[in-house]
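A.B. asks: My questions all concern the structure below.
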Amino acid sequence: MKPLIAGNWKLNKTVEEAVETAARLKIILQGITDKDILICPPFTALDKVHHVIKGTNILLGAQDVFWEEKGAFTGEVAPEMLKDVGCDYVIIGHSERREYFNESDETVNKKIRSSLADELNVILCVGESLEQRKAGKQETVVEQQLEKGLKGVKKADMKFVTIAYEPIWAISSGNPNHKPATTNDAQEMHKFIRYILNILFDDKTAESTRILYGGSMKPDNVKELMAQPDINGGLVGGASLDAESFAKIVKGF
Ligand code: 13P
């Protein structure tokens, strides 16, 4: 399966800074075709960044979306609008949105279905908190997030869905003390996610769905993580902000 390395820039970069990073990436990642590369700038920079990377091997994604097409929903952005500014992907259900913006499995599900209806690729983020892991509930939590998040999604549409496993306790941007999951813990959960996809859909879907790891992925640990059989890529936060460090991750396995 072709790996995907995605950079989630979160709430960082002015338009000018975003354009600068994208322009640098375009040069240093030129010619890489055996991996999919995706960057997800803030909404404000999407259009300009699109013009920089259009026609290159770098894909564009947004960090969130709303489920309605249009109307009186102040502050929201529709899937069609993201496509209009060149987005190929959208991240849905990131733990930061679940924690700070009341994102629930139900709203995640609406966003996924609406994006798929508009043929936008989605990255569904799942992952447990430290408390949940300490209580041994990590599998139950992730299973619920998958089941509810993917409710009503057709098997045929699963080719537009990527899963990102991001244990909250491993996310370093926002908490510099956080450490990545061990490769064993990550692999174990990725295998479990595939098992759940098999139950929800079928074996073929489970085997062909990309499952990204997110949480302190850096140039020095990407190789070990990517060597795990069920890790098909990464969703990178902090280390994706600098073009050189993101390129090291893309090239590091
Ligand atoms: P870090 O790579 O900064 O740990 O963030 C991971 C993440 O939240 C990506 O979505």
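A.B. asks: Does the stretch 193-223 hold any residues that are surrounded by fewer than 17 Cβ atoms within 10 Å (Cβ to Cβ) and among the β-branched types (Val, Ile, Thr), and which are they?
C.D. replies: Result: Ile199, single match.
A.B. asks: Just wondering, is there one or more residues in the stretch 62-79 that are part of a helix (DSSP H, G or I) and modelled with pLDDT of 95 or more?
C.D. replies: For the stretch 62-79, residues part of a helix (DSSP H, G or I) and modelled with pLDDT of 95 or more: present.
A.B. asks: Now, a different point. Restricting the stretch 80-98 to residues that are assigned to a helix (DSSP H, G or I) and either within 16 Å of the ligand (Cβ to nearest atom) or in contact with an Asp or Glu (Cβ under 6 Å, 6 or more places away or on another chain) (or both), which is nearest to Arg210 (Cα to Cα)? Steps first, please.
C.D. replies: Looking only at the stretch 80-98, we keep the residues that are assigned to a helix (DSSP H, G or I), and these are 80-84, 95-98.
Remaining after also requiring either within 16 Å of the ligand (Cβ to nearest atom) or in contact with an Asp or Glu (Cβ under 6 Å, 6 or more places away or on another chain) (or both): 80, 95-98.
On the way: Glu80: 24, Ser95: 19, Glu96: 22, Arg97: 22, Arg98: 22 Å.
Selected residue: Ser95.
A.B. asks: Still on this model: Could you look through the stretch 110-142, keep only residues that are in contact with a strand residue (DSSP E or B) (Cβ under 9 Å, 6 or more places away or on another chain) and part of a helix (DSSP H, G or I), and pick out the one that is surrounded by the fewest Cβ atoms within 10 Å (Cβ to Cβ)? Walk me through how you get there before you give the answer.
C.D. replies: Filtering the stretch 110-142 down to residues in contact with a strand residue (DSSP E or B) (Cβ under 9 Å, 6 or more places away or on another chain) leaves 111-112, 115-116, 120-127, 141-142.
Narrowing further to those that are part of a helix (DSSP H, G or I): 111-112, 115-116, 141-142.
Values: Lys111: 24, Ile112: 27, Ser115: 28, Leu116: 20, Val141: 17, Val142: 21.
My answer is Val141.
A.B. asks: Looking only at the stretch 168-189, count how many residues are more than 10 Å from the ligand (Cβ to nearest atom), touching a residue at least 40 places away in the same chain (Cβ under 8 Å) and within 23 Å of Gly149 (Cβ to Cβ). I'd like the intermediate steps shown before the answer.
C.D. replies: Our first condition is that a residue be more than 10 Å from the ligand (Cβ to nearest atom); within the stretch 168-189, this holds for 169, 177, 181-189.
From what is left, the residues that are touching a residue at least 40 places away in the same chain (Cβ under 8 Å) are 169, 183, 186-187, 189.
After this cut, where a residue has to be within 23 Å of Gly149 (Cβ to Cβ) as well, the list is 169, 186-187, 189.
Number satisfying all stated conditions: 4.
A.B. asks: Considering only residues that are in contact with a Phe, Trp or Tyr (Cβ under 8 Å, 6 or more places away or on another chain) and aromatic (Phe, Trp, Tyr), which ones fall in the stretch 46-68?
C.D. replies: Scanning the stretch 46-68 gives a single hit, Phe66.
A.B. asks: Right, something else. Inspect all residues belonging to the stretch 99-107 and state whether any of them is outside any strand (DSSP E or B), buried (at least 20 other Cβ atoms within 10 Å of the Cβ) and not aromatic (Phe, Trp, Tyr).
C.D. replies: Of all residues in the stretch 99-107, those outside any strand (DSSP E or B) come to 99-107.
Okay, now just the ones that are also buried (at least 20 other Cβ atoms within 10 Å of the Cβ), so none.
Scanning the stretch 99-107 turns up no residue that is outside any strand (DSSP E or B), buried (at least 20 other Cβ atoms within 10 Å of the Cβ) and not aromatic (Phe, Trp, Tyr).
A.B. asks: Quick check: is even one residue across the stretch 230-252 in contact with a His (Cβ under 7 Å, 6 or more places away or on another chain) and either away from the ligand (no atom under 15 Å from the Cβ) or at pLDDT below 95 (or both)? Break it down stepwise before answering.
C.D. replies: We begin by selecting, within the stretch 230-252, every residue in contact with a His (Cβ under 7 Å, 6 or more places away or on another chain); these are 230-231.
Among the residues that remain, those that are also either away from the ligand (no atom under 15 Å from the Cβ) or at pLDDT below 95 (or both) are: 230.
For the stretch 230-252, residues in contact with a His (Cβ under 7 Å, 6 or more places away or on another chain) and either away from the ligand (no atom under 15 Å from the Cβ) or at pLDDT below 95 (or both): present.
A.B. asks: Please indicate, with yes or no, whether at least one residue in the stretch 200-218 is closer than 21 Å to Glu244 by Cβ, more than 12 Å from the ligand (Cβ to nearest atom), of a type outside the set (Phe, Trp, Tyr) and more than 19 Å from the chain's Cα centre (by Cα).
C.D. replies: Within the stretch 200-218 (the criterion being closer than 21 Å to Glu244 by Cβ, more than 12 Å from the ligand (Cβ to nearest atom), of a type outside the set (Phe, Trp, Tyr) and more than 19 Å from the chain's Cα centre (by Cα)), the answer is no, since none of the residues qualifies.
A.B. asks: If I filter the stretch 16-27 for residues that are under 27 Å from Asn232 (Cα atoms), of a type in the set (Asp, Glu) and more than 16 Å from the ligand (Cβ to nearest atom), do I get at least one hit?
C.D. replies: We begin by selecting, within the stretch 16-27, every residue under 27 Å from Asn232 (Cα atoms); these are 18, 21-27.
Subset that is of a type in the set (Asp, Glu): none.
No: zero hits.
The values are calculated or read from the model by the stated rules, or taken from the named source; none is laboratory data. Here the structure is a predicted model, which means the values were calculated and not measured. Cβ atoms come from the backbone with ideal geometry, glycine included; neighbour counts cover every protein chain shown.
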